[in-house]
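The values are calculated or read from the model by the stated rules, or taken from the named source; none is laboratory data. This is a predicted model, so every value here is computed, not measured. In this analysis, Cβ positions are derived from the backbone assuming ideal geometry, glycine residues included, and neighbour counts consider all displayed protein chains.
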Amino acid sequence: MPMVVATEPAPAPPRPRRRSPLLRHHGLYLMAVPGILYFLLFKYAPMGGLVIAFQDYMPFLGIGGSPWVGFDHFVRLFTEDTFLVLLRNTVVVSLLLLVFAFPVPIVLALLLNEVRTRAFRRTVQSVIYLPHFLSWVIVASIFYVLLSTDGGSVNNLVVAAGGEPIPFLTDPDWLRPLYVGQEIWKGAGWGTIVYLAAMTAVDVQLYEAAELDGANRLRQTWHVTLPAIRPTIVVMFILAIGDFLELGFEHMFLVMNSLNRQVGEIFDTYVYTAGIQNGQLSYAAAVGLFKGLVGLLLVVMANRLAKRFGEEGVY
Amino acid sequence: MNKARIGTAVATATALALTTAACGSSADGGDGGPKDSLTWMTMLHTPTTPEKGGVIETALEEHTGMDIEFQWVPDASKEEKLNAALASGELADLVSLTVIDDTQVRSALTSGMFWDVEDYLDEFPNLARIPDATLDAARIDGELYGVPYQKPAARYGVVVRQDWLDNLGLEVPHTIDELTEVARAFTEDDPDGNGKDDTVGFYDREESFRVGFRSLAGYFGAGQQFEVTDDGQVVPAATTDAFKEAMEWYRGVYAGGWVNQEFVTVQKQNQQDGIAQGKGGIVVTGLFEAKNYNALARSADPDTPMEWALVNDITYDDVPRRILSDTNGGMGGWLAIPTTEVETEDDLRAVLGFIDKLMDPEAFELMTNGIEGEHFETDADGVVTVIDQTAWEQEVQPFSSSRPSELVTTYQSSDEYVNLGNELMAQNAEYMVANPAQSLTSETFDRQWSTLEQQLNDAYNQYITGQIEMADYEATIESLRGQGLDAIVDEYSASYAEANG
């Protein structure tokens, strides 16, 4: 790259014809090619498979031979009771995540930002990052062992304290708290990275000025740090909204069982049960397509909203 | 026009895929020579896969003259793996289909994805001897889309900790009432004498509805998945009075705490571990399992006092003795051969010949006991002793569930549980109740059953654990009627009437 810059003559009189930016920065564009290819190959090309949502897809006949059924699968989706259950479960869990899990990394980052002992701060940071690197299988297993009524340590404590064992794993009322709790435990530490990075960019002079005006630590955080990272928070929020119906299959699948399925079955797990376990591939594709469209709509809306409030948005 | 273009594209892609596949495998038929290598997608019931190119695999290759590449599918995830494989068409030359009522498997079978092997069986000595009853059970719409796995007709029973019975001075239970009392005593009377309240009676698992409890409901008179009513209707067993009566009883057992309270979260492996650790004393399972529980318990504690009573004659009230078949009356699924992988009749014959050779006594011995002198030894009376349990578990056991027939030879074992289990399973045959709908056809069943069964399964679990009442369970059944349950009953009943004139 330096070469490109070097060969470019310094402010010269307007030349008769300029080379197109594509040619001028060919090095940069070349570097983007693998990324573009990746998206074309693994994100766009598979979208072609979505046509099976409008077919009665049979693997043996293939896409070419399976009969077309139009919107039958969507009609079925919207008319069956399951749809409302799925929508309710997904929306409730997503809202809980937005309300309880989304702010946690921000608060954590603010707290960490105030820690002045470097060594302590580094240690805490590393420790809270770690759960991010555990897979959901491990996280779910750890909680399973801790919370089981059949010899789990938490319930052993409860019983030792004179209580009745609590069926954390099977009681439908416990599923959502458990789910959100696990999301926080696993993801909160990792989530602080973005905010901490944003905070390093805050001009130190602002703090000094605030201090001169008599602001204490809390006031400085409120009036300096938070406004400074607001654009970051907004972007993260828009991204989170985009995933509103996209909770991810793995986590819920691992904590769900037939006793808490009524509150646990979300679109992602339903696509799996209907498609892979019960073999209704077309129907599952229709559910997935619907979910994706709603996600797209939400992102666009959230982005508009952010721009109206004077923020930058994601695009 | 457009369609034609897509067709060409698909054809080209397929051809490409096939060429690549052909390049991938060594000497794969095609140019004259008979097929001498095959891939086999089969189920794994053990925690680890056997080593590639291990002793048994090599010995089997030698015996069959076929270069075998195993693709092991863990049994716990077989539905997902098989469905994914069927959907993507990425199959092996030989595919073990052991989930016989799965929607996707059935539609794959009827769609013509696999060879109809009926006309070829007579060419092979062992395959020609497969009993007609087994072939009947294996037919779908009158077609035989694979070589049926042959198993004992009914392997289930109840195994009870004999040493716990002795500690408490109890007799081996033979009725549901006695069994209930044993379950209570195992929970409340400290059968292992350690002074702690850490045992239960029944030790059940997630698949209760489909496995353990289903077998118990059979004692109450419920059918194996479906049953024929007096007026010729073929109805799901889970909707019958006998089944609901059994559910009420089991709910009582649960409420008493005499079954592990979180069985809905327990996987098969956890269940085996729990039993080996002495958490529970009654298991509804295959009568061959006692040996495995002991082996597992002994690997943790060589001095474990574990002893088992094997019971195959539990009865309830005035219901005559019966036992539901866990193997579809001795048909454990199909060894199916995809037409996409094995393209010519000659290659098909080679694969069938391979299956046939696996049914020779020599191959059966390899897949059951292993290699003489290395895994087992035989004494003058023909009694088989496993000499290296660890090696047997790692190298031999994984193959045993892939035996095309489990009925080739019955060995006398030095392990009394094995002999007793074999004897009791043979007795079961007389009282066996099979699924009457197995050879009937219902399009709705093939398409919807997996979904319906899951909802029944959930309602069952909720009822047993006390989340809902019987009225709610019945309401679930009512709501399923409109979702295909009634259609299945109608189609099966019509098919039954046709078959039985």
Problem set entry | Pick from the stretch A:287-315, criterion assigned by TED's automatic domain parsing to the domain that holds A:L98 and of a type in the set (V, I, T), ranking: surrounded by the most Cβ atoms within 10 Å (Cβ to Cβ) | A:V287
For this session: Among the numbered conditions (1) more than 10 Å from chain A (Cβ to nearest Cβ); (2) β-branched (V, I, T); (3) within 21 Å of B:T327 (Cα to Cα), tell me where B:T103 comes up short.
Result: (1)
Exercise. Can you name the residue in the stretch B:436-452 that is in contact (Cβ under 8 Å) with a residue 60 or more places away in the chain and among the charged types (D, E, K, R) and is also surrounded by the fewest Cβ atoms within 10 Å (Cβ to Cβ) among such residues?
Worked result: B:R447
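Restricting to the stretch A:246-285, give me the number of residues that are among the polar types (S, T, N, Q), under 18 Å from A:L96 (Cβ atoms) and assigned to a loop (DSSP other than H, G, I, E, B).
Counting residues in the stretch A:246-285 that are among the polar types (S, T, N, Q), under 18 Å from A:L96 (Cβ atoms) and assigned to a loop (DSSP other than H, G, I, E, B) gives 1.
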Problem set entry | Residues of the stretch B:416-450 satisfying the condition of being more than 20 Å from the chain's Cα centre (by Cα), farther than 11 Å from B:Y492 by Cβ, within 14 Å of chain A (Cβ to nearest Cβ) and not basic (K, R) | B:Q448
For this session: Spot the failing condition for B:V253; the list is (1) touching a strand residue (DSSP E or B) at 6+ places or on another chain (Cβ under 7 Å); (2) within 14 Å of chain A (Cβ to nearest Cβ); (3) more than 25 Å from B:M425 (Cβ to Cβ); (4) not polar (S, T, N, Q), and only one is missed.
Result: (2)
Seminar exercise, completed: Scanning the stretch A:143-166 residue by residue, those small (G, A, S), more than 10 Å from chain B (Cβ to nearest Cβ) and either touching a residue at least 12 places away in the same chain (Cβ under 8 Å) or part of a loop (DSSP other than H, G, I, E, B) (or both) turn out to be A:A161, A:G162, A:G163
Exercise. Just checking, which of A:L196, A:L206, A:L169 is surrounded by 14 or more Cβ atoms within 10 Å (Cβ to Cβ) and within 14 Å of chain B (Cβ to nearest Cβ)?
Worked result: A:L169
For this session: Would you mind finding the one in A:S94, A:S135 that is polar (S, T, N, Q), within 21 Å of A:E265 (Cα to Cα), away from chain B (no Cβ under 14 Å) and surrounded by 15 or more Cβ atoms within 10 Å (Cβ to Cβ)?
Result: A:S94
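Residue-wise test of (1) closer than 16 Å to A:L259 by Cα; (2) more than 12 Å from chain A (Cβ to nearest Cβ); (3) surrounded by fewer than 19 Cβ atoms within 10 Å (Cβ to Cβ); (4) among the acidic types (D, E).
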{"position": "B:Y460", "(1), (2), (3), (4)": "yes, no, no, no"}
{"position": "B:A471", "(1), (2), (3), (4)": "no, yes, yes, no"}
{"position": "B:L480", "(1), (2), (3), (4)": "no, no, no, no"}
{"position": "B:E498", "(1), (2), (3), (4)": "no, yes, yes, yes"}
Problem set entry | Residues (in contact (Cβ under 8 Å) with a residue 40 or more places away in the chain and polar (S, T, N, Q)) located in the stretch A:269-296 | A:S282
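Here is a yes/no grid of residues against (1) of a type in the set (V, I, T); (2) touching a helix residue (DSSP H, G or I) at 6+ places or on another chain (Cβ under 8 Å); (3) at pLDDT 95 or above:
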site: B:Q269; (1), (2), (3): no, yes, no
site: B:G278; (1), (2), (3): no, yes, no
site: B:V283; (1), (2), (3): yes, yes, yes
site: B:A290; (1), (2), (3): no, yes, no
site: B:L296; (1), (2), (3): no, yes, no
site: B:G333; (1), (2), (3): no, no, no
site: B:T339; (1), (2), (3): yes, no, no
site: B:V342; (1), (2), (3): yes, yes, no
site: B:E362; (1), (2), (3): no, yes, no
For this session: May I ask you to verify whether B:T98 is over 22 Å from A:L61 (Cα atoms) and either modelled with pLDDT under 85 or more than 21 Å from the chain's Cα centre (by Cα) (or both)?
Result: no
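So that you can scan it fast, the table gives a plain yes or no per residue for (1) over 21 Å from the mean Cα position of the chain (by Cα); (2) within 14 Å of chain B (Cβ to nearest Cβ):
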position: A:E265; (1), (2): no, yes
position: A:G275; (1), (2): yes, yes
position: A:A286; (1), (2): yes, no
position: A:L289; (1), (2): no, no
position: A:V294; (1), (2): no, no
position: A:A302; (1), (2): no, no
For this session: Only helices (runs of 4 or more DSSP H) wholly contained in the stretch B:433-501 count here; list those with 3 or more residues that are in contact with an Asp or Glu (Cβ under 8 Å, 6 or more places away or on another chain) and among the hydroxyl-bearing types (S, T, Y).
Result: B:443-464
